[in-house]
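Please treat every number below as a calculation from the coordinates, not as lab data. In this text the structure is predicted, and so the values were computed from the model without any measurement. Quick reminder, even Gly has a Cβ in these numbers, built from the backbone with ideal geometry, and neighbours come from all protein chains shown.
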Amino acid sequence: MDFKKSIREIQDFPIKGVLFRDITTLLKDAAALRAGIDAMMKVVEGLEFDAILGPESRGFIFGMPMAYALNKGFIPVRKAGKLPAEVASKAYALEYGTATIEIHRDAIVPGGKYIIADDLLATGGTAKAIIDLVQEMGGQVVSSLFFIELAGLNGREILRGQDVRSVLVY
């Protein structure tokens with residue numbers, strides 16, 4: 001499937017000069033959504049891991065169905081203040097500012113192996129913060145998986161030394 005035909009492009013969003021890749025058009029198409037999730041699962045085929053980390057919110061969209069289909073656990077990575085139990089936090093830079101992510105402290109098992117599943121690799125800040133946080137908690141991120149990679153923003157550079165996989169590259 002040519003996924004690029006299912007992704008809408010919006011000029012000057014969220015700020016002037018940015019060409020936004022809108023996946024909502026892919027998500028509403030049942031065949032494209034199924035093919036997208038299947039493509040992501042194929043990209044991580046053969047990897048050994050315990051659970052999938054999905055950053056809020058589009059990581060939930062891709063990570064949950066993958067976890068279900070692969071019979072793996074799913075760990076939500078949330079924005080600050082959204083998780084009810086004890087959390088570990090990490091602040092990081094975004095393309096347009098800063099943010100903080102949180103993971104429940106009891107979600108990461110020392111020695112556990114995890115993959116990140118998200119919609120987009122841009123500058124790599126979110127994935128790097130998740131990797132750092134998981135490592136600080138004693139776990140290992142064995143791969144970071146993205147539906148779309150914006151190669152011009154050099155996200156792979158900040159993730160140098162990590163296994164990074166993408167379905168689509170722009």
Q) Under a point-charge model restricted to the Cβ atoms of Lys and Arg (+1) and Asp and Glu (-1), what is the dipole moment magnitude of segment 73-147 relative to its Cα centre, in debye to the nearest 20? A) 60 debye
Q: In debye, nearest 20, what is the charge dipole magnitude of the chain about its Cα centre with +1 on Lys and Arg Cβ and -1 on Asp and Glu Cβ, if you could check?
A: 220 debye
Q: Please label the shape of segment 130-170 as rounded, prolate or oblate, based on the square roots a ≥ b ≥ c of the eigenvalues of the alpha-carbon gyration tensor (a/c under 1.5 means rounded; beyond that, a/b larger than b/c means prolate, else oblate).
A: prolate
Q) Separation between the Tyr68 and Arg105 pseudo-spin-labels, each 7 Å from Cα along Cα→Cβ, expressed in nm? A) 3.2 nm
Q: Find how much the distance from Phe13 to Ala93 grows on full extension, using 0.36 nm per residue of separation minus their present alpha carbon separation; answer in nm with one decimal.
A: 26.9 nm
**Q.** Sorted peptide list for 51-63, 22-34, criterion being average Cβ within 10 angstrom, highest first
**A.** 51-63, 22-34
Q) What's the local net charge at Glu9, with K and R +1, D and E -1, over the other residues with C-beta under 13 Å away? A) +2
(Q) Please compute the length gained on full extension between Leu153 and Arg34, using 0.36 nm multiplied by the number of residues separating them and subtracting their Cα-Cα distance. (A) 40.1 nm
Q. Put a dot 7 Å past each Cα toward the Cβ at Lys42 and Gln140; how far apart are the dots in nm?
A. 2.8 nm
**Q.** Rounded, prolate or oblate (a/c below 1.5 giving rounded, otherwise prolate when a/b exceeds b/c) for segment 29-168 by Cα gyration tensor
**A.** rounded
Q: Take the alpha carbon gyration tensor of segment 98-159, find the square roots of its eigenvalues, order them as a ≥ b ≥ c, and report rounded if a/c is under 1.5; if not, report prolate when a/b exceeds b/c, else oblate.
A: prolate
Q) For Gln162 and Asp2 in the same chain, what is the full-extension length gain: residue separation times 0.36 nm, less their Cα-Cα distance, in nm? A) 54.9 nm
